[in-house]
Structure formats: structure tokens, C-alpha cells
Amino acid sequence: MSTTAEPQLELRGVTKRFGGVGAVDGVTFQVERGEILGIIGPNGAGKTTLLNCISGVHRVDGGDIRWEGRSITGMAPHRVARLGIGRTFQIVRPFGSMTVRENAAVGALFGSSAARRGPKQAFEIADQVLELVGLKAKAGQPVSALTIPDRKRLEVARAVATRPQLLLLDEVMAGLNNVEIDEALEMVRAVHATGVTVLLIEHVMRVIVGICRRAIVLDFGHVLAEGEPEVVLRDERVIKAYLGERYAKRLRTERGQDSPS
Amino acid sequence: MAAFVQLVILGLLAGGVYVAVGVGFGLVWGVLNIVNLAHGALVIVGGYITWQLFTAFGLDPFLTLPVDAVALFVLGYALQRGVINRIIRAPLLFTFLLTFGLNLVIVNILLLIFGSDFRSVTPTYSGQGFEIGGIVVPYVRLTSLGAAILLSAGLAFLLSRTRIGLAIHAIAADRDAAQLVGIDLRHAYAVTYGLGAACAGVAGGLIAMIQAITPTAGEPYTLQAFVVVILGGLGRVSATVVGGLAFGLVEAFGQSIPGSGSVFANAIAFGLMVLVLVTRPQGLMGRLR
């Protein structure tokens, strides 16, 4: 897609401590342009903290974050957003006093500074994005009238409206039922198809396996494994991190019994 | 009956000033969650700018209002950017202390520059008016009401139709989310406070035409702004307009009670505020969140 060899986003030894505890501890990885990269890990592994470091909400205690070859470490959140890194929240945070359309328009009005937009254009972009995520019919409604899945759509819509080159999705599928997850997967694919790189945190393994070519497993702030989702999920260390030592052992012996038969 | 209509007219006209005093205070409170105790001092700064331009250059006081607005916007922007932003996430008490301190500083600077004499702005048409069917309408009061309504309409337009207005709505709803769609918080905060100060400045210009001002005269306006915003309901310009007019009416009727002075009128106005808080905490025009 791009002529430059450098990755779109690169983390080098990124560290964030809270009161001496390393929530994110020396994390290094790269995000390539145009990919869908999944980040998984047990609760408390540091996934959301990592997104907060990238988007500038947390000031990192060590390491370097590079966007298209330039360091963005320590940059204020609004400037990171204007560079073209969009972000959703795990717990949706719409602007409650506004309509669905206005929420998306605020994203379009600010966001990536590649193109300056006036209010009129912003509302046009908002309409396009709402169509993309399937919220067009509810554009005029107040946010309070939306269901949870729709609020998650709106959260994505607002981030997409900022015209990001990289979109950070923090558990957009959490709390959705199977049908809703399928719809949400379609939405992420549709957004990706417009040329946006996607980095998503997810607990639902089906999602990771379904749309990610590559996944990274975090545990206690460290990168535990990295690679194709199917391979990574079979990694014994990963199973141990999720299900504990005993279960991993049992699985090992079961597999040992299974293979000869 | 004529006396009643006269009171209603006078009350509404007086309400114009309260609308002007209230809108800026309500904006800062609603968006920044700061109960701005320096608001009255900013009102008086506006009053002195109008007085200075009127006495030194003979400018019509209504023409000085845009100057008040621009000067106070710059002052307010600088105050927020340089001082108040540092404690924006601190508990409410800190913003009380800081804005109270700012109030003292501003009042004392005014005392140094202008002294403690009472100053008034008296254009040739002041004290004049017209009469319809026995009802007296003073020119200055009528134009003040017009100016206050215009100010509120302008503010409402700015908040609902412009880029910075949408940013202000967004930071009021969720600061962190606003930041992550690319809104510069500190700038948006400073513009909000600047707009609040600009409204205070215009209110000060209007007040200087109606009564004499002195550097320490601002404090009652902070209180009145507080009552007006609570009466109308926090969060909307139109609600503050209703609150301001209601305050003017209540005060006019309070003063008309035989044997009552302005002190008694204030007591009635504050009593009404308490009543509103008890029976309709979201204000006359407010929406429950």
C-alpha cells in the first residue's frame, strides 16, 4: 500500500507504571498499514492502558511511540487524534446532550487535521459515516434513545468520522450477543475496507479469529505471544495465562492422549 | 391596572440587565463546572471601560458594548489559559477559592486605577423615555433589554452553529471523549471562559448606564447571576433569559410592596430561588438530565 518501509505505528519498549506496578512493561510491536491487528489478554493485562498510552491519555514512563517514523511520545491526546489516530472507549462515552448525527459531526468537525472542515461538511461526513455503521435511520434521535449495540456503533461512528488512518477499538463487541457480534464484525470490515488500519482489543476470541490476520497476547503488561490468531491461541503460555497452570496441564495430557488415537 | 402593567414593563426591562449578567455566568458554570466568583468583578471592568470611553471620547455608551465584549473576552481567555486551567480538574472548592482570589485582585486593581468614587454614564437621553397610555418606558432600559436579548441570541447562535460552539458542547458532555476526537481542551476551556467574561463585560456596560459604579460594586451581580441561572435552569441560554426576566419581575413587584426597599426585594428573589430549588430543581426551563 505504501512505498515507505517503516511501519505505520511502532512501539518500542513502552512502559507505564501505576504506583510502581508496571501496567504496561516494555511492550514492543509494530502495526503495518492496512492490517487488522488484534490485542488479546486476560483482564488486567494492560490492554486499555496500552491504548491510552498510544492515544496520549497516559504519559508513558519509558519507551518510544512512533507514528510514520516520527516520535509522538508525550503528545497531547487532541494532537494525536489530529494526526489520524482514532479511538473508541470500552465503556461508550457519547456526548449525551446531542443527537446521534451531532455526535458524529463533532468527530468530523475536529479529528484528523488533514482536511479542515466547516460545520456543513462535517454534517455531510457524519451522514456518510452513520450509513457505513448502520445508524442512518437513527441520525435524528437523542443518544439516550439508543440501545447498547447502537451506542457501540455510534462510538465507532464518531471515531471513524475523525477520518483516522488508524482506528483503535477498545472492546466494541463486549456485551453483545452472537447476532450483534456478527453485525459489528460486518461494521469493522466495512470501516477497514475504506482503507483504515484497525487495532482492536477484544475478549471475544471468535472476533479475533474472524477478522485478524495477526494477534498479540498481553499478560501482566508484557507481550506473551505474537502471530496468527489460531497459532497464538494454541500456544501453551497463552492458555496458561487465560485458564491457569492446572488447566494447561490437563489440556496437555488430554492432547497427549488424543494424538495417538 | 395601569400600575400593574407599569410594574410588569419595568420588571421586564430591569430583567434585561439580569439576563446579560446571567448568561455568561451560566455558560461558565454549565460547561466548566466553575461557579465563577469573579463574575461580578468582570462585570464592573466592563462598566469602567464603557465609562472611560464615554467620558474620554464622548462615545455613545451603547457603541462601547462591542469594545467591552472584545476586551473582556481577551482578559477572560488569558485568565483561563494562564490561571484557572491549572485547577480545572480540582474539586469545586478550589475553583471557589481561586475565583474568589481573582475577584479580590481585579477589584483592587480597579481601585488603584479608578479610585473608589462612584462613576456614572449619563448620555443626553438618559432619564428620558416615552409614554403610551400612561405607561412610562425609559429609553436606556428598553435599549438595554434589546441589547441583552441580542447578546443572548448571539451566544446561542455561536454555541449551536459554529465549530467552537460544538466543541464547547462536546467538552461540557465529556471532556476525555472530546479530547480524543481532536478537541484542544485548554483552548476550548479558555474560549468558554472568554465568552462568559465577554457577556459580563456587556452587562457591565449596560449597568453603568443605569446606576453609578464603583470597583466594589460587583459582588451583588455575582449573587444575582447565581439566582438567575438557578431560576432558569443550568445548561441553556434560553433558560437563562427566562430566569433573568423572572428575576426582574419578582424584584419589581417586591419593591412595590409598601414599606419595602431593595433589601426586601432581594429577600423575595432569593426566597423564590429556594422555592424553585425545592420544587423544581432543574429550573423553570431546565430539563432533567
So, of the residues in the stretch A:81-117 that are facing another protein chain (nearest Cβ under 8 Å) and charged (D, E, K, R), which turns out to be farthest from the chain's Cα centre (by Cα)?
A:GLU102
Looking at this structure, is A:GLY56 surrounded by 21 or more Cβ atoms within 10 Å (Cβ to Cβ), within 15 Å of the chain's Cα centre (by Cα), at positive phi and at pLDDT 90 or above?
yes
(1) within 14 Å of chain A (Cβ to nearest Cβ); (2) part of a helix (DSSP H, G or I); (3) touching a Lys or Arg at 6+ places or on another chain (Cβ under 8 Å) all hold for B:ALA208 apart from (1)
Can you confirm whether the stretch A:133-141 contains a residue that is at the interface with chain B (Cβ under 9 Å from one of its Cβ atoms) and under 20 Å from A:ALA190 (Cα atoms)?
no
Which residue out of A:GLY20, A:GLY86 is among the small types (Gly, Ala, Ser), out of contact with any Asp or Glu (no Cβ under 8 Å at 6 or more places or on another chain) and touching a residue at least 40 places away in the same chain (Cβ under 8 Å)?
A:GLY86
Any chance B:TYR221 is more than 14 Å from chain A (Cβ to nearest Cβ), of a type in the set (Phe, Trp, Tyr), within 11 Å of the chain's Cα centre (by Cα) and surrounded by 24 or more Cβ atoms within 10 Å (Cβ to Cβ)
yes
Is it the case that some residue within the stretch A:54-65 is in contact (Cβ under 8 Å) with a residue 40 or more places away in the chain and at the interface with chain B (Cβ under 10 Å from one of its Cβ atoms)?
yes
Say we look at the stretch B:155-197 and pick out the residues that are part of a helix (DSSP H, G or I), farther than 13 Å from B:VAL31 by Cα and small (Gly, Ala, Ser); which of these is modelled with the lowest pLDDT?
B:SER160
Do you know which residues across the stretch B:144-168 are within 14 Å of chain A (Cβ to nearest Cβ), free of Cβ contacts under 8 Å to residues at least 12 places away in the same chain and not hydroxyl-bearing (Ser, Thr, Tyr)?
B:PHE157, B:ARG161, B:ARG163, B:GLY165, B:LEU166
Considering only residues that are hydroxyl-bearing (Ser, Thr, Tyr) and in contact (Cβ under 8 Å) with a residue 40 or more places away in the chain, look in the stretch A:98-113 and name the one that is farthest from A:ALA159 (Cα to Cα).
A:THR99
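The values are calculated or read from the model by the stated rules, or taken from the named source; none is laboratory data. This is a predicted model, so every value here is computed, not measured. Methodologically, a virtual Cβ is constructed for each residue, glycine included, from the backbone with ideal geometry; neighbour enumeration extends over all protein chains shown.
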